[in-house]
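This report refers to the structure that appears directly beneath it.
The values are calculated or read from the model by the stated rules, or taken from the named source; none is laboratory data. Treat the numbers as computed from the prediction; the structure is a model and nothing was measured. Neighbour counts are summed over all protein chains in view; Cβ atoms, including those assigned to glycine, are modelled from backbone coordinates with ideal geometry. Each accessible area value is taken on the protein alone, full model and side chains, heavy atoms only, with ligands, DNA and RNA left out. Shrake-Rupley method; radii C 1.70, N 1.55, O 1.52, S 1.80 Å.
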Number of protein chains: 2
Amino acid sequence: MGRHREFDVGKVLDAALCVFWRKGYEGASYADLTAAAGVERPALYSAFGNKEALFRRALARYYELYLGYIPEALQLATAREVAAHILDSAIALNTRFPEHTGCMVINGVLAGSDDAEPVRQILIEARAVAETQLRERFERAKAEGDLPQTARPDALAAFLMAVLHGMAVQAKAGFSRDILKAVAEQALSAWPASEQRA
Amino acid sequence: MGRHREFDVGKVLDAALCVFWRKGYEGASYADLTAAAGVERPALYSAFGNKEALFRRALARYYELYLGYIPEALQLATAREVAAHILDSAIALNTRFPEHTGCMVINGVLAGSDDAEPVRQILIEARAVAETQLRERFERAKAEGDLPQTARPDALAAFLMAVLHGMAVQAKAGFSRDILKAVAEQALSAWPASEQRA
DNA sequence: GCGGTTTAATAACGGTCATTATGAAAAATA
DNA sequence: TATTTTTCATAATGACCGTTATTAAACCGC
């Protein structure tokens, strides 16, 4: 007996998921969460416990709703198909919702509160500057024949930056130097061969 | 005229840089900063302005002290040397200081406050699980001849995860789908060829 | 309809955040 | 030495954080 719950727990969880996806864990305040969910604070506490428990539930739902392509890919016939499918799916997911781009797992530690927005823009700009410098250097290399005419300097720059970002994340996660070197080696093995000058 | 400053502004800035490198922008409180710098709060405000200005100064010093390898690499003769030098240098920097690993620019939005540590561990674990799944799938592929015997499944998994992390960061920074696809294409072009079965 | 029980909304809690007012201490000029 | 100027340390500020009493409302079995 007792009073019935007046809100849909699933919908509230989905709303919280969107907020966490966009703002990360720290960046999402209860003011944000209650505004998105349309319920008051104590309702979230009674239904999910504290903030960390709510985040864990949202993370589980994220895997459930959006990361199904991982087990899906693991069943494909070849490793190349596995990788291609995961890459494609991740790109699709990362760009699917304009209001919460990227991956919730990464954004959970990437995004900050609104107060930190100017700082995040500084970092984004700093990242873009480095990539532009690389792209310009690769354009020069292409003009000099150091890279083939088929090479795409912007793609090479973006790719190199991606691997660098990824390795920074991995280093933070405790990776050893050796495995990071293996990652770098693998990345370099894709490098376009320089043209044989006539 | 007037009283002299009793602390070394450079040393205080270096101390603040270490705190920001480890905890990120939001994660670094004035309690952390003053403890590391050995000066009181108002000293930081009088010397640097507010927290954001202090972070900007620390970021500039980070580039000055630790990212000199980027312009250095840009002057090398070939694109491959540029990339190799940047990769090597980044790995060295990311693993140089045990107490603040990774890259300050990335960590600035990757690291959270101590309160968020359990959550960060959850995300790190979630990341490791996905990578393990990939590695196991690639080991199977190697056993099946889908990957050559020279292939390193752990390296391939780490590499793929690195590119995925990097693309998530880039998507957050506003990258278009097209450039992300170019990044994925470049990453796949390094994929080891399957063995020709006899 | 009534007692027991669960949920709902309001409002408050202590703690920490970045920031700063305040007044004492120290150095330079006169 | 007296005065001015700058830095120093203590401690307070208002705002926001996550969390929770408290009280009123809604539902159940009886």
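Please tell me if residue B:82 is among the β-branched types (Val, Ile, Thr) and within 9 Å of another protein chain (Cβ to nearest Cβ).
So residue B:82 fits the description; yes.
Test residue A:39 against the stated conditions and say whether it is more than 14 Å from every other protein chain (Cβ to nearest Cβ) and within 15 Å of DNA strand C (Cβ to nearest atom). Walk me through it before giving the result.
Details: more than 14 Å from every other protein chain (Cβ to nearest Cβ): yes; within 15 Å of DNA strand C (Cβ to nearest atom): yes.
It is true that residue A:39 is more than 14 Å from every other protein chain (Cβ to nearest Cβ) and within 15 Å of DNA strand C (Cβ to nearest atom).
Can you tell me which residue is modelled with the highest pLDDT among those in segment B:85-110 that are over 19 Å from residue B:161 (Cα atoms) and at the interface with chain A (Cβ under 7 Å from one of its Cβ atoms)? Step through it out loud before you land on a result.
Going residue by residue through segment B:85-110, those that are over 19 Å from residue B:161 (Cα atoms) are B:85-86, B:89, B:92-93, B:96-100, B:104-105, B:108.
With at the interface with chain A (Cβ under 7 Å from one of its Cβ atoms) added as a condition, the list becomes B:105, B:108.
Values: B:105: 81, B:108: 74.
Result: B:105.
Given B:49, B:2, B:24, which one is within 13 Å of DNA strand C (Cβ to nearest atom) and under 13 Å from the mean Cα position of the chain (by Cα)?
B:24
Can you name the condition, by its number, that residue A:55 falls short on among (1) more than 8 Å from chain B (Cβ to nearest Cβ); (2) modelled with pLDDT of 90 or more?
Only one criterion is unmet by residue A:55, namely (1).
Do you know which residues across segment A:4-43 are open to solvent by 40 Å² or more (accessible area, probe 1.4 Å), touching a residue at least 24 places away in the same chain (Cβ under 8 Å) and assigned to a loop (DSSP other than H, G, I, E, B)?
A:5, A:7, A:29, A:38
Given the condition open to solvent by 10 Å² or more (accessible area, probe 1.4 Å), within 7 Å of another protein chain (Cβ to nearest Cβ) and of a type in the set (Asp, Glu), answer yes or no: does some residue in segment B:141-153 qualify?
yes
Can you tell me which residue within segment B:44-102, out of those that are open to solvent by 30 Å² or more (accessible area, probe 1.4 Å), among the hydroxyl-bearing types (Ser, Thr, Tyr) and part of a helix (DSSP H, G or I), is farthest from DNA strand D (Cβ to nearest atom)?
B:69
Checking residue B:115 against (1) modelled with pLDDT of 85 or more; (2) more than 7 Å from chain A (Cβ to nearest Cβ), which test does it fail?
Answer for residue B:115: the failing condition is (1).
For residue B:186, which of the numbered conditions (1) modelled with pLDDT of 90 or more; (2) open to solvent by less than 10 Å² (accessible area, probe 1.4 Å) fails to hold?
Of the numbered conditions (1) modelled with pLDDT of 90 or more; (2) open to solvent by less than 10 Å² (accessible area, probe 1.4 Å), the odd one out for residue B:186 is (2).
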